[in-house]
Amino acid sequence: MPKILLNWVPTQSDFELMRKTLPDVEFEVPPWQNLEEAEILLYSPKTPDLDALIPNMKNLRFIQSLMAGVDHLPWGLIPDNVIVASGSGANSEAVADMALALALSALKFIPFYQNEMKMDLWKRRVSKDLDALTAVILGTGSIGKAIAKRLKAFGMRVVGVSRSGNQVEGFDSVASSADWSSEPYGDLIVIALPLNRDSYHMIDKDVLSRLGGTRVIVNIARAAIVEPQALKVWLQENPTSVYASDVWWNEKLSLQPVVVEQPISISYLPNVIMTPHTAGLTEYAQERMLTMACENIRRFLEGWQPSGIVHKEDYSQTPWNEN
C-alpha cells in the first residue's frame, strides 16, 4: 500500500476528504514513525520545516504542493529523480478576485478617501475611466487568465507577459518578459508570476525608472519579484502611483496574529495598500486545494502524468533564501 507523508496534521474533515479520493493509501502525519517508507510527500508551506524531513525519505518519488507556489521547498535537498508538482489552479479564481479588489481600490482611490474622510477631509479626485486603461498581467497561467477575464469585463485592454511571449487565449496580446522589461508600460500592472530564478527581482530599479508616471502595481504573487529598496524610492518619487500588495517579504502564513518586520518600511506611505496574504484564504480554499492535490497524486499512482509539474532548473538558485 503506497504511503503518503504529510508535514502537517489535518483536521478530521480533511482526512475524510483525502481518504475519499485516495482510499487505498496510507497517510502518515507528525510525529512521523516511518519516514523511509513514504513514497509521496504532500506538503503545505504553512509548515515548511522540510530540511530535516526530505533527506530521510529514502523512497521518495513524488512531492505534491497544496499551494501554487513552490519557492518554499529546499530544492538543493530534492533528488533529481523526484517529481515535484505544484497546486497551480486550485485557488486561481479566489486570487483573481483579490487582484481585482486591490486594483479597483487603488484606481478609485478608496484607501485615500477612507483615511481622509475619517478626518472629515473632503478631498475629491478625478479617476480614470476603466475602459480607457491598458492592464498588463505578468504571468499568463491559470491565475493570470482569471485576472484577465475580470479586467476585460470592465473594458480594459489586457496584455499578458510571459517568458516565451506566446499568444494565450483571453489576452488581447502577449509580450515576452524580456521585451516588456526593456520598455515597461501599462496603467495597471498585475504581478501573477511564480517566484523562480527568472522572476526574482524582475521589477527592479531599471524597470521602475523606465515605468515612471502614474501607475498602479498589484502584487498577488510573491514579494521578492519586486526589489524592495527600488520600490520604496519609486513610490516616494511617484506619489500618484500606487503599490497594492497581498504578499510581503519575511511572510508568516500563520492564522494567528504575528508581528512581521519588513526589510523596508513602506507602510507609512499613503500610496501603499496592504493585505496580509489573504487572497487564497476563502471558505472552500482548503477543500479545493486538497481535492486537486489528491487527484494529482492519484494520477501519479495510476501511471499518468501529474498536472503542474515544476521545472527544477527554475529553482536551481534560490536567492530569496540567501539574503
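Shown here: Rg/Rh (Cα atoms, Kirkwood Rh), derived from the displayed model; of the candidates [x] 0.97; [y] 1.03; [z] 0.99, it corresponds to [z].
Note on Arg298: accessible area is roughly 90 Å² with a 1.4 Å probe, heavy atoms of protein only.
Among the chymotrypsin sites (Phe, Trp or Tyr not before Pro) found in the range 279-308, those both in a DSSP coil and sparsely packed, with 16 or fewer other Cβ atoms within 10 Å of their Cβ, are Tyr284, Trp304.
Here is the link list: Lys20/Lys149; Lys58/Lys312; Lys108/Lys232. Which ones come out longer than 25 Å on Cα distance? Walk me through the intermediate numbers first.
On the way: Lys20/Lys149 33 Å; Lys58/Lys312 19 Å; Lys108/Lys232 22 Å.
Pairs exceeding 25 Å: Lys20/Lys149.
Taken one residue at a time, the phi angles of the range 192-202 give Karplus couplings (6.51, -1.76, 1.60, θ = phi - 60°) of 9, 9, x, 7, 8, 5, 7, 8, 4, 6, 4 Hz. Gly and Pro are set to x. In the chain, helical runs assigned H by DSSP with n ≥ 4 each contribute -39500 (n - 2.57); averaged across all residues and rounded to the nearest 500, the mean residue ellipticity at 222 nm is -8000 deg cm²/dmol.
Modelled label positions at Ser164 and Asn115, each set 7 Å beyond Cα in the direction of Cβ, lie 4.3 nm from each other. Computed on protein heavy atoms with a 1.4 Å probe, the accessible areas place Met117, Met1 in the order Met1, Met117, largest first. Within the accessible surface of the chain, defined with a 1.4 Å probe on protein heavy atoms only, the carbon and sulfur portion equals 51 percent. Here the simple spin-label model places points 7 Å from the Cα toward Cβ, and for Ser265 and Glu287 these points are separated by 4.5 nm.
A 1.4 Å probe run over the protein chains yields, for the chain, 50 Å² of accessible area per residue, whole-number rounding.
Annotation note: chymotrypsin sites (Phe, Trp or Tyr not before Pro) in the range 83-139 located in DSSP loop regions with a Cβ neighbour count of at most 13 within 10 Å are Trp122. Once all protein chains are placed together, Lys205 keeps about 150 Å² accessible to a 1.4 angstrom probe.
With the Cα gyration tensor of the range 68-194 giving a ≥ b ≥ c as the square roots of its eigenvalues, does the rule (a/c under 1.5 for rounded; else a/b larger than b/c for prolate; else oblate) give rounded, prolate or oblate? Display every interim value, and only then the final one.
Details: a/c = 2.47, a/b = 1.66, b/c = 1.49.
Prolate shape, in that a/c is at least 1.5 and a/b is the bigger ratio.
The values are calculated or read from the model by the stated rules, or taken from the named source; none is laboratory data. Keep in mind that what you see is a predicted model, and the values were worked out from it rather than measured. Because the Cβ atoms are built from the backbone with ideal geometry, glycine has one as well, and the counts that use them run over all protein chains shown. These accessible areas exclude ligands, DNA and RNA; they are computed on the full protein's heavy atoms, side chains included. Shrake-Rupley method; radii C 1.70, N 1.55, O 1.52, S 1.80 Å.
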